[in-house]
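Note sheet for the following structure.
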Amino acid sequence: MINELVEISNYSEVDELDSILDNKDIYTVYQPIVSLLDATIIGYEALSRGPEESPLQSPDKLFKAAQTYKKTWELEQLCRIKAIERASNIEKDRHLFINVDPHIFKDEKFKKGFTKEFLLANNVSPDCIVFEITEKTCIEDYKGFRQALDNYVDQGYKIAVDDTGSGYSGLKMLNETKPHFIKIDTDLIRNVNTDSFKQSLIECFVKLSEATNMKLIAEGIETEEELKTLISLGVYAGQGFFIARPAGTFLDISSSVRELILRCNKLKSNIHNSNYSNHIGEIVRYDKPFSPDTHCKVVKEYFDENDITGACIVEDQVPVGLIMKHTLDSALATQFGVAVFTKRPVSLVMDDNPLIVDYYTPVNEVSRLAMARKTKNIYDYIIVTNNGKYSGIVSIKSLLNYNMMLECNYARQLNPLTELPGNMVIENTINNVIKTERTYCILYLDLDNFKVYNDTYGFENGDKIIKFAAQLINSKIKELFPYNGFVGHIGGDDFVCIIENPIEECKKICEEIVTSFDKGVLNYFNEKDKNNKYIEAVSRSGNTEKLPITSLSIAGLFGRFNRFSNPEEVGLYVASIKKEVKRVAGSCYLIKEVT
């Protein structure tokens, strides 16, 4: 009787599966994959579902049933057809991610099912298709699998490895496939904001992606905190219920999520990086541009007669391409190359998608964009425009030399004791704050009763307290505000912090700093003074007095600083707040709003 029930149950499931396949009763939903750099949608993942109210509506149950009854090929083919048929409305600059079992790539039926004619009939280009390799099965023949992949990559398709960090999608898969996209498994994303080990793993993936030009995508983002952490770690893109749930068409993300992503990125490039905010226009070099119809012979002669290895191609003063000397030489060196290209327009061999940046783009941002290019283009010129018109070029050599100069200048401006930015950097940073319309909190931190400590314990021990204070302040600021906190050392026992956060969070960090300082500073006193909580010392009047042990006072100013003319005015304003704080015994803080 039990066996009969099992057979009935199995018959019912296979019957339902056959009905779905026969009636092509699959519907597709699309989940946006969003850039975590600028909140633009880079593509959509196509997700297949069974009929509503069907026992096989869930994709897990649906594909498990297909595997059980050896219908995997038929189901996957139907899902892909449905996904592509509805993709005719997708914008041409966005990708369509389609899940594919690795074993299917070598199947002749799969090859025939993905002809360019099939895509063309549905108004879809191979350039926008990304085959997302799932971890359903282990790949045993990587050489054959790589050859099959190359067949599709050569046609313009792109590859993504799904669920990286779990199952079969490990480092060997990445090494053998060298995909265009790496999708981090949901398990590594969950609660990443509170898990330092996961953060370290993702940082490794970020470095790998930057070195190999593979784009990193985080899957399964479900909370605002997870999203913020992934942005701070430098992950390229993400998807998940917090960003947008799957829908039956190609929806955009909400304005609130877009604004959050943009705001987090603005904080990453905020004031604490101001020492690298020099714009690329400072090192631009004007080289002669050429029109697209200029013969290759003319450009070749220009390269040979000048110490120049590249040229911008412009149309009505607007850059439309770049020709590098090595690219032109390679074209001419091919069989019949001279005969074919000498009197043909340079537009035939130029790069029509070069790196073009605005005159006022920060140098550090240009460096990031340049290094994110494909390996073969790493040393290509960078084209600079001003108001959309050609302004000149920057070579990688010039960019590296300029960055090295900035690094050296910055190093010279660090305080030698604490290695924190000194007065020049602090003034430049406060000047940047004054120029913006944004809200900041500037904190001035000062050690109390520090002179008596120096007189009693000596200057070497005094330096140790200053270093302790510097490390404590810096670590607390970076812990809570890793990408929007600046810490500088004015000199002696005075420090300054600049934060772009709500006033409640600024008060919270002040509380944590004074609490940790009061606890940690006791280690720098002997047992007697530590227990007494005071030092017996001779005052200036010659009398022995009981003076409190070293404490920390924090005076803060919160609001928009564009009412001030210069950093000196800000300092004078905060000085009055500092006087109030100093009147209170022990470590304390006071933050006032700009009026």
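The values are calculated or read from the model by the stated rules, or taken from the named source; none is laboratory data. All of these numbers come straight from a predicted model, not from anything done at the bench. Here the Cβ positions follow ideal geometry from the backbone for every residue, glycine too, while neighbour counts run over all protein chains shown.
Restrict the check to the range 71-88 and report whether at least one residue is closer than 21 Å to P32 by Cα, modelled with pLDDT under 80, in the same structural domain as S19 (by TED's automatic domain parsing) and surrounded by fewer than 16 Cβ atoms within 10 Å (Cβ to Cβ). Within the range 71-88, one or more residues are closer than 21 Å to P32 by Cα, modelled with pLDDT under 80, in the same structural domain as S19 (by TED's automatic domain parsing) and surrounded by fewer than 16 Cβ atoms within 10 Å (Cβ to Cβ). Residues that are within 15 Å of L552 (Cα to Cα) and in contact with a helix residue (DSSP H, G or I) (Cβ under 8 Å, 6 or more places away or on another chain) were ranked within the range 465-489; the one that is surrounded by the fewest Cβ atoms within 10 Å (Cβ to Cβ) is F468.
Of the strands (runs of 3 or more DSSP E) that lie entirely inside the range 487-571, those containing 3 or more residues that are without any contact (Cβ under 8 Å) to a residue 60 or more places away in the chain span 494-499, 534-538, 544-548.
Residues in the range 29-62 that are free of Cβ contacts under 8 Å to residues at least 60 places away in the same chain and part of a loop (DSSP other than H, G, I, E, B): T40, G50, P51, E52, E53, S54, P55, L56, Q57, S58. The helices (runs of 4 or more DSSP H) located wholly in the range 194-303 that include 3 or more residues which are more than 30 Å from Y410 (Cα to Cα) and charged (D, E, K, R) occupy 224-233.
Scan the range 410-441 for residues that are over 29 Å from I280 (Cβ atoms) and either among the β-branched types (V, I, T) or part of a strand (DSSP E or B) (or both) and jot them down.
Scanning the range 410-441 gives T418, C441.
Of the residues examined, G458 is one that is assigned by TED's automatic domain parsing to the domain that holds T550, over 23 Å from G556 (Cα atoms) and small (G, A, S).
Which of the residues spanning the range 565-587 are more than 37 Å from the chain's Cα centre (by Cα) and among the hydrophobic types (A, V, I, L, M, F, W, C)? Those that are more than 37 Å from the chain's Cα centre (by Cα) and among the hydrophobic types (A, V, I, L, M, F, W, C): L572, A575, I577, V581, V584, A585.
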